[in-house]
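Chemist: Questions regarding the structure given below will be posed in turn.
The values are calculated or read from the model by the stated rules, or taken from the named source; none is laboratory data. Note that the structure is predicted; figures quoted are calculated from it, not measured. Here the Cβ positions follow ideal geometry from the backbone for every residue, glycine too, while neighbour counts run over all protein chains shown.
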Amino acid sequence: MKQDRNEMGYLAGQLLVAMPNMPDPRFERTVIYMCAHSAEGAMGLVVNRLFEAMSFGELLDQLGIEHRKMSDEIRVHSGGPVEAGRGFVLHSAEFRRDGTMLVDDRLALTASVDILHAIANRAGPRRSLLALGYSGWGPGQLETEIQANGWLHVPADEELVFDADIDSKWQRSVAKIGIDFGKLSGDAGHA
């Protein structure tokens, strides 16, 4: 019988939510959409931090991509500390190009310049999130961090991933599984 990824304990397509005691300040109160997770490691994009140093228009200008003035300015997110100069677009799965990786039946990831051209010309995916950099873990590293009470994982939905309310994503993610984030503790209990 074939098992799907989540039945085997893999978290692709889920949200990873930092616990209040997260020791790494780069991940304090972050929400990460998990794009890939297997025995070889994991990769995801932080969906609740903006990359303040550059706008979408400035990024397109740097890449030499012609674009119309964006009336609803697309925000650039800080996807994580790994390869901060590399761009990724997390998007609705109806948009597919060569190099697009389907995460699940709803969301996909594309890292080619073609998707930036499409977005700039309003021919891109229905919903998208542009990120510079990503969050990555080696084999077993994420599992160890979860066991050490560093992360929760919750089901993802498009509103949590794509909506513009960055400031409340962490609280809404935790509340999604019925936890009062004010009562979360980083200390493990002992019998």
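Chemist: Report the residue count in segment 125-145 for those that are small (Gly, Ala, Ser), in a strand (DSSP E or B) and more than 10 Å from His77 (Cα to Cα).
Modeler: 3
Chemist: Then there's this: So, Thr110, is that one of a type in the set (Val, Ile, Thr), surrounded by 16 or more Cβ atoms within 10 Å (Cβ to Cβ) and without any contact (Cβ under 8 Å) to a residue 40 or more places away in the chain or not?
Modeler: yes
Chemist: Examine segment 85-92 for a residue that is farther than 19 Å from Arg126 by Cα and either modelled with pLDDT of 85 or more or β-branched (Val, Ile, Thr) (or both), and state whether such a residue exists.
Modeler: The answer is yes, given that some residue of segment 85-92 is farther than 19 Å from Arg126 by Cα and either modelled with pLDDT of 85 or more or β-branched (Val, Ile, Thr) (or both).
Chemist: Hey, any hits in segment 84-107 for a residue that's in contact with a His (Cβ under 8 Å, 6 or more places away or on another chain), within 18 Å of Tyr134 (Cβ to Cβ) and not small (Gly, Ala, Ser)?
Modeler: yes
Chemist: Report yes if Arg126 is surrounded by fewer than 20 Cβ atoms within 10 Å (Cβ to Cβ) and at pLDDT 90 or above, otherwise no.
Modeler: Criteria met by Arg126.
Chemist: What number of residues within segment 153-191 satisfy the criterion of being hydroxyl-bearing (Ser, Thr, Tyr) and at pLDDT 85 or above?
Modeler: Residues flagged as hydroxyl-bearing (Ser, Thr, Tyr) and at pLDDT 85 or above within segment 153-191 amount to 2.
Chemist: Pairs, please: C-beta under 8 Å, at least 6 apart or cross-chain, first residue among the charged types (D, E, K, R) and in segment 123-135, second part of a loop (DSSP other than H, G, I, E, B) and surrounded by fewer than 22 Cβ atoms within 10 Å (Cβ to Cβ)?
Modeler: Arg126/Glu94; Arg126/Phe95
Chemist: Continuing with the same structure: Could you check how many residues of segment 55-77 are modelled with pLDDT under 80 and of a type in the set (A, V, I, L, M)?
Modeler: Count: 1.
Chemist: Sticking with this one: Just the residues that are surrounded by 14 or more Cβ atoms within 10 Å (Cβ to Cβ) and in a loop (DSSP other than H, G, I, E, B), please, taken from segment 29-53.
Modeler: Arg29, Thr30, Val47, Asn48, Arg49, Phe51
Chemist: Conditions first: (1) loosely packed, with under 13 Cβ neighbours inside 10 Å; (2) farther than 15 Å from Val31 by Cβ; (3) modelled with pLDDT under 95; (4) of a type outside the set (Phe, Trp, Tyr). Asp104 passes all but one, so which condition is the exception?
Modeler: Tallying (1) loosely packed, with under 13 Cβ neighbours inside 10 Å; (2) farther than 15 Å from Val31 by Cβ; (3) modelled with pLDDT under 95; (4) of a type outside the set (Phe, Trp, Tyr), Asp104 fails exactly one: (1).
Chemist: Taking Gly85 and the conditions (1) part of a strand (DSSP E or B); (2) under 21 Å from Tyr10 (Cβ atoms); (3) out of contact with any Ser or Thr (no Cβ under 9 Å at 6 or more places or on another chain), which numbered condition does it fall short on, given that it satisfies the others?
Modeler: (2)
Chemist: Something else now. For segment 143-176, give me the residue count where each residue is within 15 Å of the chain's Cα centre (by Cα) and within 18 Å of Val82 (Cβ to Cβ).
Modeler: So the answer is 1.
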